[in-house]
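Data first, discussion second: the structure below is written as structure tokens.
The values are calculated or read from the model by the stated rules, or taken from the named source; none is laboratory data. What you see is a predicted model; the values in this text were computed from it and never measured. Quick reminder, even Gly has a Cβ in these numbers, built from the backbone with ideal geometry, and neighbours come from all protein chains shown. Remember, those area values only see protein heavy atoms, side chains included, never the ligands or the DNA or RNA. Shrake-Rupley method; radii C 1.70, N 1.55, O 1.52, S 1.80 Å.
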Amino acid sequence: MSDMFETRTREMQFRMAEANIDVMLLADPDSIFYFTAYWGDLGVEFGRPSIVVLPRDGEPTLITSSIEGEMCERMTWLRDIQLYSDGIGREWVDPLQKALEKHKGRRFAVVPNKVPSLVINYMIDAGIWGGLVNGDKVLSDQRMIKSAEEIKHIRQAGKVAVAMTDAARA
């Protein structure tokens, strides 16, 4: 199954190149799962954002809380996982800043309405937010097209939903 997530990532990198985007920052759980297969339990609502730094060339970086580190390593196909701990340094800001510096001078994109305010506030304070490109169309265009495997899963979920509704009615 991890092949599906890696294939999605490579497709996004191709689309990013076509859109002249060097790096995409993904900070919403749905997009993070879509590309990495990782779904955290303790997210931004607990002050612990997860962020994927997806360059159009090379391997993505996944930044998440060390509390979920072992689970993350087991779930995702990514190798570059940067963990942060509560109360140590600037927590998630330190690995994010390191990842951003690695790609300094490149063209960054985000999906503005899917970036937690906690992350937006950091980017504004760091002077990064104003230079970001809106990556919503690139991401949405890819996610709109479903693979055969995705369609299979959607149909299976539909059957489960129908069975649950029938059971509730009965």
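Quick look at the values:
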| item | result |
| --- | --- |
| Enumeration of residues in the stretch 122-135 that are open to solvent by less than 20 Å² (accessible area, probe 1.4 Å) and either part of a loop (DSSP other than H, G, I, E, B) or touching a Cys at 6+ places or on another chain (Cβ under 8 Å) (or both) | GLY135 |
| Pair list, Cβ < 8 Å and 6+ apart or interchain, from the stretch 132-143 residues that are in contact (Cβ under 8 Å) with a residue 40 or more places away in the chain and closer than 18 Å to LYS104 by Cα to residues that are open to solvent by 50 Å² or more (accessible area, probe 1.4 Å) and outside any helix (DSSP H, G or I) | VAL133/ARG107 |
| Matching residues in the stretch 69-90 - criterion: being in a loop (DSSP other than H, G, I, E, B) and under 26 Å from ASN121 (Cα atoms) | SER85, ASP86, GLY87, ILE88, GLY89, ARG90 |
| Selection status of PRO60, more than 17 Å from ARG48 (Cβ to Cβ), open to solvent by 40 Å² or more (accessible area, probe 1.4 Å), touching a Leu at 6+ places or on another chain (Cβ under 9 Å) and in contact (Cβ under 8 Å) with a residue 24 or more places away in the chain | no |
| Count of residues meeting criterion [of a type in the set (A, V, I, L, M), out of contact with any Asp or Glu (no Cβ under 7 Å at 6 or more places or on another chain) and outside any helix (DSSP H, G or I)] in the stretch 91-116 | 3 |
| Lone qualifier among VAL119, VAL138, VAL160 - being exposed (fewer than 14 other Cβ atoms within 10 Å of the Cβ), aliphatic (A, V, I, L, M), at negative phi and assigned to a helix (DSSP H, G or I) | VAL160 |
| In the stretch 1-32, the residues that are open to solvent by less than 20 Å² (accessible area, probe 1.4 Å) and under 14 Å from ARG107 (Cα atoms) | GLN13, MET16, ILE21, VAL23, MET24, LEU25 |
| Condition met for ALA167 (assigned to a helix (DSSP H, G or I) and open to solvent by less than 60 Å² (accessible area, probe 1.4 Å)) | no |
